[in-house]
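Just so you know, all these numbers are worked out from the coordinates, no wet-lab data involved. This one's a predicted model, so the numbers in the text were calculated from it and none came from an experiment. Cβ: placed from backbone, ideal geometry, glycine included. Neighbour counts: every protein chain shown.
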């Protein structure tokens, strides 16, 4: 999957981002205690989220118990990539 826009919403414990693919699909990226996950949802409004196994794109456990990860490392582990010219907003956004 290729990402057109990524917005960091929390730096650590968990590290998390809102992301949109080049075809407009919203993804929630999360990493905490060495566990990473990517979920498909309708958008960033958590009131609209579904709790269903089909929403999970990928999950992993790197056995580190870490709560912080750089975006580039997260993307590599998740099998995601940034599109050329992708918008990346780093830092806490409220």
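How many nm is it between the label spots at residue 58 and residue 21, if each spot is 7 Å from the Cα in line with the beta carbon?
It works out to 1.3 nm between the two label points.
Taking every DSSP beta bridge with both residues inside the chain, roughly what % is antiparallel (nearest 5)?
Bridges in the chain that DSSP calls antiparallel: roughly 85 percent.
Please report the base-10 log of the normalised intensity I(q)/I(0) for the chain, using a Debye sum with one equal scatterer per alpha carbon and no solvent, at each q in 0.24, 0.25 (1/Å).
Taken in order of the listed q values, log10 I(q)/I(0) reads -1.39, -1.48.
Tell me the mean residue ellipticity at 222 nm calculated for the chain from its helices only (DSSP H runs of n ≥ 4, each -39500 (n - 2.57), averaged over every residue, nearest 500).
For the chain, the value works out to -2500 deg cm²/dmol.
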